[in-house]
Amino acid sequence: MRSAEGLRRVGYRALIVSTPADIILIGHGSGDALQLTLQAQGVLQRHGFALAVGVSPRLERVLASSKVDLEHLDERMLAVGDPADSLLVAADAVLKQTEVERPVVVLMPGNPLFLNSLSRLLVAEGAARELTVQRIAGVSQLDLAINELGINVAARGLQVFDAAAVARGRTRPDPAIPALLFRASDLLTNDHSPLEALHSLLRELYPDTHPVTLFNVDPASDATSFATATVADFAGFAEHLHDGSSLYVTRLRS
């Protein structure tokens, strides 16, 4: 390794040494999967405690055998009712814990490298409070969908949206780039109006013959399945939507 003097001679800028994290966000597998990276397992075992969201009984037993204790935030979040407020409750619990100890380890579903709502909120609030936030990769539905559907992100790119946000007109896919719509079960209201609104938008952006794929991750077994229909027949997916459902739309070829 070059000495500091040697680095200066060859024109390297000063090395930046990262500070210890105040909050560590760790992703765990989708559904009931036991997927944790070796790095994540090492961090959990080293600290022995984590605030947890969406951790299955199986994963909790595995962590307990490694002497890792969890404090679940799920009940606090569910007690609030409103999804936006539940995120605030979870983030508030994490931030208050930083006043007592650091780092605070948070175990959450999916991959915090692809910012979900909770990790996005913690990163933003952490920065506002001058807290350092570290993110450790996990396995998300995005990872699973890219792998199982064979999406070539490097060649074609990929747009990632919240399905309900697209249905409400808050964002609009570019038909020239493949699109993945998460949380498709949020489209199922009593009157199915969000599902109908998304169907209308798809028919506006794509021809009726364009393919749309429903990608499901079974919450109980972690098994994945998918089925493809045309935009014209999109409404038929309604009876197959659940919490592990996403929609994939290939790019529109010019």
Inter-residue pairs, beta-carbon under 7 Å, first under 16 Å from residue 24 (Cα atoms) and in the range 49-72, second surrounded by fewer than 18 Cβ atoms within 10 Å (Cβ to Cβ) and of a type in the set (Asp, Glu), 6+ apart: 49/69; 51/71; 52/71; 53/74; 70/60
Residue match in the range 62-72 (condition: among the small types (Gly, Ala, Ser) and within 22 Å of residue 123 (Cβ to Cβ)): no
Residue satisfying condition, being out of contact with any Leu (no Cβ under 8 Å at 6 or more places or on another chain), hydrophobic (A, V, I, L, M, F, W, C) and either free of Cβ contacts under 8 Å to residues at least 12 places away in the same chain or crowded, with 18+ Cβ neighbours inside 10 Å (or both), within set 179, 127: 127
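State which residue is surrounded by the most Cβ atoms within 10 Å (Cβ to Cβ) when the search covers only the range 143-152 and only residues that are in contact (Cβ under 8 Å) with a residue 12 or more places away in the chain and outside any loop (DSSP other than H, G, I, E, B).
The selected residue is 145.
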Residue check, residue 140 among the small types (Gly, Ala, Ser) and either modelled with pLDDT of 95 or more or open to solvent by less than 70 Å² (accessible area, probe 1.4 Å) (or both): yes
Number of positions in the range 153-176 that are open to solvent by less than 50 Å² (accessible area, probe 1.4 Å) and among the hydrophobic types (A, V, I, L, M, F, W, C): 7
Options 63, 70, 87; residue that is open to solvent by less than 60 Å² (accessible area, probe 1.4 Å), in contact with a helix residue (DSSP H, G or I) (Cβ under 7 Å, 6 or more places away or on another chain) and more than 24 Å from residue 217 (Cα to Cα): 70
Some residue of the range 231-252 being without any contact (Cβ under 8 Å) to a residue 24 or more places away in the chain and under 24 Å from residue 157 (Cα atoms): no
Selection from the range 130-142 of residues that are of a type in the set (Ser, Thr, Tyr) and either free of Cβ contacts under 8 Å to residues at least 40 places away in the same chain or touching a Gly at 6+ places or on another chain (Cβ under 6 Å) (or both): 140
Restricting the range 187-215 to residues that are modelled with pLDDT under 90 and touching a Leu at 6+ places or on another chain (Cβ under 9 Å), the residue that is nearest to residue 59 (Cα to Cα): 188
Strands (runs of 3 or more DSSP E) fully within the range 153-254 counting 3 or more residues that are β-branched (Val, Ile, Thr): 211-217, 224-230
Qualifying residues in the range 182-202 (those that are touching a residue at least 12 places away in the same chain (Cβ under 8 Å), closer than 17 Å to residue 236 by Cβ and not hydrophobic (A, V, I, L, M, F, W, C)) - the one surrounded by the most Cβ atoms within 10 Å (Cβ to Cβ): 199
Tally of residues being free of Cβ contacts under 8 Å to residues at least 40 places away in the same chain, within 23 Å of residue 58 (Cβ to Cβ) and hydrophobic (A, V, I, L, M, F, W, C) across the range 85-120: 1
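The values are calculated or read from the model by the stated rules, or taken from the named source; none is laboratory data. As the structure is a prediction and not an experimental result, all values here were calculated from the model. Here Cβ is always computed from backbone atoms with ideal geometry, including for glycine, and neighbour counts include all displayed protein chains. For the accessible areas, the whole protein counts, side chains as well, though only heavy atoms, and no ligand, DNA or RNA atoms are used. Shrake-Rupley method; radii C 1.70, N 1.55, O 1.52, S 1.80 Å.
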